[in-house]
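Just below is one structure, and these are the notes that go with it.
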Amino acid sequence: MTAQDPRLVPPGEHDHSARESTFCRTARDLGLDPDDRWVGGYVDYEWEHLRPVLAAYRIEHAGRTVLEFGCNYGASGIVLARLGAQVTGVDVSADKVRLAQANILLHAMEQSMSAQHVPDTRELPFEGERFEFVIANSVLEYVAPEHLDAVMAEVHRVLRPGGQLLVLGTASRLSPREVHSGRWLVNYLPRAVDRVAGKDLQRGLSPRLLARTLEGRFEVVAKDRWLAARQAVHGKLSLPVRAVGKLAEALGMAPGWLSPNIELLLKRL
C-alpha cells in the first residue's frame with residue numbers, strides 16, 4: 001500500500017476486516033457483487049480518474065465544504081474526503097446511501113464524509129449557501145427532465161456565491177450512442193416512443209435543457225481546461241477529442257458541451 005492509496009486502513013487489522021465484512025454483506029444484501037468494478041472498485045476508479053480532472057481544472061478541495069449530489073456508493077465523495085474536503089453526500093436511493101455509508105466506514109472517512117437519503121432533491125435539507133463546492137458526477141442525466149430546473153435551483157441555493165459546481169460524466173443526448181446502456185441512436189428518439197416500448201428508455205441529458213436551467217444561476221468557467229483534463233486522465237488526446245476541441249473553439253463555447261459526456265466547471269452567480 002502506497003501513501004497515495006485511497007483505501008485508508010483503520011488501526012488494527014481486525015477493525016478493518018470488520019468494516020470490509022460490513023461493506024461486502026451490505027452489497028450482497030442489495031444484490032450487488034462487492035468485487036465489481038462499479039461497487040467495491042468504484043473508489044479506486046475515481047481515485048485514478050477524478051483526481052486528474054480536479055487537478056486539470058485547478059479545483060481547490062482541501063478544507064472546503066462539499067456536496068456530492070447523487071452520491072451513488074460514495075466514491076467521488078470518498079476521494080474528495082481523502083484529499084481533505086468535508087463532504088456530504090445525498091442520493092434519492094436509500095439503498096445506495098446505505099452502501100455509501102458502509103463504503104465511507106470501509107475507507108475510514110467517517111470523520112470527513114457523511115451520506116444521507118433525500119427522496120426528492122428538489123428540496124435539499126440544508127440551509128442556503130451551505131457548501132463551497134458541489135460535484136455532480138454521472139447523475140444529472142437521471143434527473144427527470146421536468147424536475148431539472150427545480151433541482152438546479154436547489155443546487156444554486158445551497159452553494160455559496162462564487163462557489164463552484166463541477167458537472168462531469170454526464171451522458172449527453174447529443175451522442176449517437178447512449179453512454180450507459182450502449183444503445184445506438186436512442187438519444188435521438190422522442191420520448192413518445194417509450195409508451196410504445198412499454199418502458200422508459202435511458203437517454204442522455206440534453207445540453208440545451210441543461211443550459212436553460214443554468215441561465216442566471218451559473219456561468220461556465222475554465223473553458224480551456226477540458227482538453228487538459230482529457231489528457232490528464234488518458235495520457236494523450238485522441239483525434240475525436242481534438243475534433244471536439246476545435247469545433248467548440250470555432251463555436252466559441254466550452255468543449256464539455258459537445259462531448260459524449262457533458263463536463264463543465266461552473267461558478268455560482
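The values are calculated or read from the model by the stated rules, or taken from the named source; none is laboratory data. No experiment lies behind these values; they were computed from the predicted model shown. When we count neighbours, we look across all protein chains shown, and the Cβ atoms used for this are built from the backbone with ideal geometry, even at glycine.
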Within the bounds of the range 143-157, is there any residue that is among the acidic types (Asp, Glu) and in contact (Cβ under 8 Å) with a residue 12 or more places away in the chain? yes
Subset of the range 119-131, residues under 13 Å from PHE69 (Cα atoms) and in contact (Cβ under 8 Å) with a residue 60 or more places away in the chain, comes to PHE131
Given the criterion part of a helix (DSSP H, G or I), of a type outside the set (Phe, Trp, Tyr) and modelled with pLDDT of 95 or more, identify the matching residue among VAL79, VAL66. VAL79
Matching residues in the range 108-126 - criterion: being more than 26 Å from GLU146 (Cβ to Cβ) and of a type in the set (Asp, Glu): GLU110
Residues located in the range 70-102, provided they are within 18 Å of HIS49 (Cα to Cα) and not aliphatic (A, V, I, L, M): GLY70, CYS71, ASN72, TYR73, GLY74, SER76, GLY77, ARG82, GLY84
Quick one: count up the residues across the range 190-208 that are surrounded by fewer than 16 Cβ atoms within 10 Å (Cβ to Cβ) and of a type outside the set (D, E, K, R). 7
Criterion first (closer than 25 Å to ARG58 by Cα and among the charged types (D, E, K, R)) does LYS199 satisfy it? no
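This table checks each residue for (1) without any contact (Cβ under 8 Å) to a residue 12 or more places away in the chain; (2) touching a strand residue (DSSP E or B) at 6+ places or on another chain (Cβ under 7 Å).
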position	(1), (2)
LEU214	no, yes
GLU219	no, yes
LYS223	no, no
LYS236	yes, no
ALA243	yes, no
ALA250	yes, no
ASN261	no, yes
Quick one: LEU269 ticks every box in (1) of a type outside the set (D, E, K, R); (2) closer than 21 Å to VAL66 by Cα; (3) buried (at least 19 other Cβ atoms within 10 Å of the Cβ) bar one, so which box is it? (3)
Picked from the range 84-143 (must be charged (D, E, K, R) and in a strand (DSSP E or B)), the residue surrounded by the fewest Cβ atoms within 10 Å (Cβ to Cβ) is GLU132
Can you tell me which of ALA150, ALA100, ALA108 is of a type in the set (Gly, Ala, Ser) and under 18 Å from the mean Cα position of the chain (by Cα)? ALA100
Here are the criteria: (1) surrounded by fewer than 23 Cβ atoms within 10 Å (Cβ to Cβ); (2) farther than 18 Å from VAL143 by Cβ; (3) under 15 Å from the mean Cα position of the chain (by Cα). Tell me which single one VAL79 does not satisfy. (1)
